[in-house]
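Below is one structure; the comments refer to it alone.
The values are calculated or read from the model by the stated rules, or taken from the named source; none is laboratory data. As the structure is a computational prediction, the values presented were derived from the model and not from experiment. FYI the Cβ positions are ideal-geometry reconstructions off the backbone, even for glycines, and counts take in every protein chain you see. We work out accessible area using only protein heavy atoms, side chains counted, and drop any ligands, DNA or RNA first. Shrake-Rupley method; radii C 1.70, N 1.55, O 1.52, S 1.80 Å.
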Amino acid sequence: MKLILSTSNIMGAGASIHRPTKSKSNTEIVSSLRSNFEVHSAPSTPANGTTSITINGDSKPTPKASYRTWTRQADPITLEIPALDFTSSSLQEEREQYDITLKLFYLPSTNNNPPSAADREAQTREALNLVLRDLHMPSVDLLIVSFPGIYFDEKEDCPDKLSTRGPVEATPEALESQIETWRTLEKLYEEGLVKKLGVAELGHDRLKAFLERTGVKPSVDQINLRDCCSVPKDLMALAKSNGVELLVHNDCSNILPRGTVRELLGSGESGAGVLAEATKTGDKRKSLHGEESKYKNAQEEGLRGEVLPLWVVKYTAVVKNRGVVENKGYFAVAELTD
């Protein structure tokens, strides 16, 4: 089953002046998803105003609403969390007044083998379509793609700096696979759905090889200067000579790890109750002997299976002449398997 997770517009009722942020975007997406799930799964307050129930003399918080009441099964194999509503858009101006940017994170696979070019094209089109439907817009200005396992702060770029990125989360995706995916993105450019294409985390050598093998050249290269205090001169020269704009970001490459998704959707205290709690040996033994917990959530059991995040898209719509962010949000897709 495919799970579509969404944050809605995280700018809330008001807009915000567009300024760089020091917080990592994985913190932003996780907190935004959790907040959106909590809003939709909150139990209705009874007429007497009580927010707890009593079971066997013990007072417990009122159970969350069943996930079936605030999610939507769009088709037999797709579940929207929460149910998507594209009836209106928060954008008030005409298309030409906005600078709309998408960043699409292709997430690591379990076996480190990237999806086929056809699957990547389907993922990219789905991500773009969700954003366009949400914003009620026909196109975006810039689509940046981030490939799994690719980091700018490598020895070739910053040999004298100590890496702070932590353990390697995925094997770097091969250049050949990246090029095959890029050719599917070029179709979006040719169709007028995307005005410019960009890449993330490419140092001098990777960017040079990328430029030599692509038709539609990247207009942007987003890099993380977490370890480097300045952009390497050879990268600056290469980018300038090829018309590539270098931008700085604070995003994590693996923006939504598997464990984080399970925690967000799980049946724990901070979870949305969409996924059932993983069965433990001790729990099976208690069940066999008729021993039950004193308190059970009133909602029906959640979905069972292994969850694998496939991709995340972050989008922003900025009013050009005012630098105001009117809409910002995330969509993510994960696969639930037996």
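Couple of notes before you dig in:
- For beta carbons closer than 6 Å, sequence separation of 6+ or different chains, a first residue in the range 127-148 that is outside any strand (DSSP E or B) and open to solvent by less than 10 Å² (accessible area, probe 1.4 Å) and a second that is at pLDDT below 95 and aliphatic (A, V, I, L, M), the qualifying pairs are L135/L91.
- Selection status of T164, among the hydroxyl-bearing types (S, T, Y) and modelled with pLDDT of 95 or more: no
- Checking the stated criteria, G192 turns out to be at pLDDT 95 or above, on the phi > 0 side of the Ramachandran plot and surrounded by fewer than 19 Cβ atoms within 10 Å (Cβ to Cβ).
- Residue that is over 14 Å from V274 (Cβ atoms), open to solvent by less than 70 Å² (accessible area, probe 1.4 Å) and at pLDDT below 95, where the choices are T101, T62: T62
- Among the residues listed as G268, G243, the single one being within 25 Å of S177 (Cα to Cα) and more than 19 Å from the chain's Cα centre (by Cα): G243
- Pairs meeting the criteria (first residue in the range 245-257 and under 12 Å from L104 (Cβ atoms), second residue at pLDDT below 90, beta carbons under 6 Å, at least 6 apart or on different chains) are D251/S25; I255/N26.
- Matching residues in the range 175-186 - criterion: being without any contact (Cβ under 8 Å) to a residue 60 or more places away in the chain and open to solvent by 20 Å² or more (accessible area, probe 1.4 Å): L175, E176, E186
- A search for C-beta distances below 7 Å between a residue of the range 318-338 that is outside any strand (DSSP E or B) and any residue that is open to solvent by 30 Å² or more (accessible area, probe 1.4 Å), counting only pairs 6+ apart in sequence or on different chains, returns K320/Q97; K320/D99; G323/I17; G323/H18.
- Where a residue in the range 106-122 is farther than 15 Å from T184 by Cα and open to solvent by 30 Å² or more (accessible area, probe 1.4 Å) and its partner, wherever it lies, is in a loop (DSSP other than H, G, I, E, B) and not small (G, A, S), with Cβ under 6 Å and at least six apart: N112/T171
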